[in-house]
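These notes concern the structure reproduced below.
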Amino acid sequence: MELKTRLREIKEKPANVSLLNNLDALLEEMLQNIGTTDSELRDKLIYSTFFQLIIGNHLNKPQLLRMIEVCLDDQHLFYKIGEKNTDSVFTRSFSSLVIDLILEKDMELNFLEKHIAKEAYKKTILYLQKEEDTRGFVDGKGWAHSIAHGADLLTSTIKHHSFELSNTKECLDTLAHCVLKDSVFIDDEDERLIFAIEALIQKGLKEDQLNAWVGSFSLFLEDHYDNNGFSLDYFKYKSNIMNFLKSLYFRLSYLNNEQSSLQVIEENLQKMHKRVYTN
């Protein structure tokens, strides 16, 4: 029976999950096809089944450990890393989602050894720094959404009990690197990145550190303008930065804290706005 048919049956009759035979073989086949360009199989069947199996507590510890080990390897999270506009992005992006699910489950059950959780964090940082294919929706193939999925994973690594506050700067630097990727985000990537900021605040991110980080975007734009003028890249960066800061502003206001950060964001947005319209 082909993979699609089996997964459709699981989706249609979720009560039968506990009766599955050869679950290990099914998991391996799902992992092998995690980056298929068939959007129904990849997104609606493979990922949704992973979600159902992991969140529904249908997998044992060895199975979960096997899955996170595979998804973190060079043939999954780092499969052909650095490529742009190729199908390899689907493998990387959807591997990150499965790692995210496992980390979320570990926050509940605490089955991962500390070194595995730390490896997941380090590889998440490296992945977001190296990912170059920033497409959101790909015609005919569905969602790639690598930055959004990677941001979800980073958020889970920050929320995880193994996270160390000393890694805060590295996280902020990586988030800034994502905002400054060589493309204009149009699929709510900024919103997903902001959840990582929120997680850092919950872990103890100081307001002055957040304010300095926000201010660094204006400095980056000023430096880029001084060296290149109003280049196409300048406007790409400006668009991403302004959209990100606007989203961050409203998210912080919803949380009803970090009041000085709201003022800093306002000041930086005004500065960037004046740069464009007074030159």
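Read the figures in this text as sums done on the coordinates, not as results from a lab. Predicted, not measured: the structure shown is a model, and the values here were computed from it. Glycine also receives a Cβ, built like all others from the backbone with ideal geometry; neighbour counts cover every protein chain displayed.
Here are the numbers for this structure:
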item	result
(i) 13.4; (ii) 15.7; (iii) 14.9, with the label sought being that of the calculated mean projected area of the Cα convex hull in nm²	(ii)
Anisotropy class of region 170-279 from Cα gyration tensor, a/c 1.5 cut	prolate
Radius 9 Å from Cβ of Asp133, net charge of other residues (Lys, Arg +1; Asp, Glu -1)	0
Summed side-chain charge close to Ala199 - residues other than Ala199 whose Cβ falls under 13 Å, Lys, Arg +1, Asp, Glu -1	0
In region 83-132, chymotrypsin sites (Phe, Trp or Tyr not before Pro) in a DSSP loop with at most 16 other beta-carbon atoms within 10 Å	Phe111
Listed residue pairs exceeding 25 Å between alpha carbons, taken from Lys246/Lys271; Lys13/Lys159; Lys13/Lys118; Lys130/Lys238; Lys84/Lys114; Lys84/Lys236	Lys13/Lys159; Lys13/Lys118; Lys84/Lys114
Contact order relative to length of region 68-206, as percent, for alpha carbon pairs under 8 angstrom and 6 or more apart	26 percent
Cα centre as origin, Lys/Arg/Asp/Glu Cβ charges: the chain dipole, Debye	220 debye
Relative contact order [Cα under 8 Å, 6+ residues apart], the chain, whole percent	14 percent
Mean residue ellipticity (222 nm) of the chain, computed from DSSP H runs ≥ 4 via -39,500 (n - 2.57), nearest 500	-21500 deg cm²/dmol
